[in-house]
1. Can you work out which of the residues in region 119-162 that are at pLDDT 95 or above, among the small types (G, A, S) and surrounded by 10 or more Cβ atoms within 10 Å (Cβ to Cβ) is farthest from the chain's Cα centre (by Cα)?
2. Scan region 117-154 for residues that are part of a helix (DSSP H, G or I) and not acidic (D, E) and jot them down.
3. So which residues in region 24-80 are of a type in the set (K, R) and touching a strand residue (DSSP E or B) at 6+ places or on another chain (Cβ under 8 Å), if there are any at all?
4. Quick one: which of E139, E94, E77 is acidic (D, E), without any contact (Cβ under 8 Å) to a residue 12 or more places away in the chain and closer than 17 Å to Q50 by Cα?
Amino acid sequence: MSVWQFCPYCAERLDSRDEGGRRRLACHAGCGFVHWDNPAPVLAALVECQQGIVLARNRAWAEGAFGLITGFLERGEDPAAGVAREVREELGLETLATTLIGVYPFVRKHEVIIAYHVVGRGEIRLNEELAEFRLIAPEKLKAWDFGTGLAVSDWLARRDQA
């Protein structure tokens, strides 16, 4: 749900109207502004290194809550390069290979997740965003039923078929 009320260009009130087949906020004065309210692209990395699959806990998350390495795609950034950047920034690992797992809607957070399998190398050094990590043997990895867990499920299914 948008909290926009006024046009960022001309300061006139925004009204809800049909634009592109959906209800969207658009400028009342007709300057042409439409608030498209598109989801944010988020990168997710299922990181595999020689010790196993890396699951990490963000400092903002509850104890015991672990997930994939994630971050926002930067303007003009190639998604594969962006996921390698996130792995380097958050774990300190060099990316040797990236393979797209899939693209997943994450409606609850108004995001679209672009998930990759990343083969990494080096010693894990967490940045300030992460509190801790766990290394899980691929055969012990279990998917969860929301967000990045859908990518884990797809990766595990493909791995089992190989």
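The values are calculated or read from the model by the stated rules, or taken from the named source; none is laboratory data. Owing to the predicted nature of the structure, the values given are computational and were not obtained by experimental measurement. Using ideal geometry, Cβ is built from the backbone for each residue, glycine included, and neighbour counts are taken over all protein chains shown.
1. The extreme case among them is G122.
2. P138, K140, G149, L150, A151, V152, S153
3. Listed by number, the residues that qualify are R24, R57, R59.
4. That would be E139, the only listed residue that is acidic (D, E), without any contact (Cβ under 8 Å) to a residue 12 or more places away in the chain and closer than 17 Å to Q50 by Cα.
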